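Scroll down for the structure; my scribbles are underneath it.
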Ligand SMILES: *[C@@H]1O[C@H](CO)[C@@H](O)[C@H](O)[C@H]1NC(C)=O
Ligand SMILES: *[C@@H]1O[C@H](CO)[C@@H](O)[C@H](O)[C@H]1NC(C)=O
């Protein structure tokens, strides 16, 4: 470990590299191979994007298991997921909020999310080696049972349009947002260098994330290895519900584990880049779309992203006006 780390530091040279890419929806289902492996259905509904090896339980080198991915980079069989958003009508029923594609991505992406892998920030690795995750690596950020907001990096943005990025809010917007709501999940980027996972799926990582994509703080000696900074942006098209807000003005949106405050916002990551592809990208100096077409990453067109899917294992209505969100008890009006 010690010699490996000093080698990594010796090799570090200034570099600028950042990935930002779209992934279309792979599936919206109650499955969670990370927190509830093997459980069909899992406790609450997720949107999952990424490789088609996604399943109720997953192990081994996921980068060698997928045959397609919903992401731009065709060697990225990782899975990325979050809870989904519902609208709670004043009459007590729920409707799933559609997911829309982000700005600055190629047209035609079906729902999904935008994924980032950055270094210290968009412009620099801070002269530190940025290490790729290893096969089998996984992590969670945030906690659905949290009773307070303010985990660094977990934010909501009230969209004026798809390009709105500020202000970042710690919890749900309090009034209708003209362009929808964006949820943002930044993962911690300091790794203990040893464990691919931990019992709470969090303690092998340490969070020094600052607001937005500002340079993160230094990694502590307990978690000395700077890995890529993973972040998700998901855009929820709340506009069709604008005329149905409750008369008392309270927020009608709720995350799929019955959270109307947004304190429990969380996200899951399961590494699945093929071979050394992610490390090559982090060692390069490519930015965003400039990393496509083999420079240095293989990429694919939107129609191929949209074609990739997995079988629905949990048969249940997720899109009607529902008395309760999938897996949740009926909440009193
Ligand atoms: C998912 O897991 C089930 C049960 O182990 C298995 O039968 C199925 O083939 C798996 N699906 C994929 C896509 O790997
Ligand atoms: C609640 O309102 C929605 C939207 O108008 C409607 O489609 C649905 O049938 C209503 N449900 C009940 C139980 O009133």
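Coordinate-derived values only; no laboratory data. Bear in mind the structure is a predicted one, so any value in this text is a computation, not a measurement. Methodologically, a virtual Cβ is constructed for each residue, glycine included, from the backbone with ideal geometry; neighbour enumeration extends over all protein chains shown.
Restricting to Cα pairs below 8 Å that are 6+ residues apart, what does the relative contact order work out to for the chain? Please round to a whole percent.
For the chain, the relative contact order is 29 percent.
Against the longest alpha carbon principal axis of the chain, how many degrees, from 0 to 90 and to the nearest 10, is the axis of helix 2-11 turned? Result, in degrees: 90.
With no solvent and one equal point scatterer per Cα, compute the Debye intensity ratio I(q)/I(0) for the range 77-122 at 0.29 Å⁻¹ and report its log10, rounded to two decimals. Taken in order of the listed q values, log10 I(q)/I(0) reads -1.13.
The shape of the range 119-168 comes out oblate: with a ≥ b ≥ c from the C-alpha gyration tensor, a/c is at least 1.5 while a/b does not beat b/c. Relative contact order of the range 87-165, taken over Cα pairs closer than 8 Å and 6 or more residues apart, is 17 percent.
Can you give the calculated 222 nm mean residue ellipticity of the chain, where each DSSP H run of n ≥ 4 adds -39,500 (n - 2.57) and the sum is split over every residue, rounded to the nearest 500 deg cm²/dmol? After summing the helix terms and dividing by residue count, I get -2000 deg cm²/dmol. Cα centroids of the range 47-110 and the range 138-181: how far apart, whole angstrom? Using only Cα atoms to place each centre, the spacing works out to 18 Å. Using the Cα coordinates of the chain, the gyration tensor eigenvalues translate into equivalent-ellipsoid semi-axes of 32, 21, 20 Å, sorted from longest to shortest.
Considering the range 216-333 at the alpha-carbon level, its Rg and Dmax are found to be 20.6, 54 Å.
A simple spin-label model places pseudo-atoms 7 Å from Cα toward Cβ; at residue 242 and residue 127 they are separated by 5.0 nm. Computed over every Cα-Cα pair of the range 245-298 and binned at 10 Å starting from 0, the pair-distance distribution P(r) comes out as 18, 26, 15, 23, 15, 3 percent.
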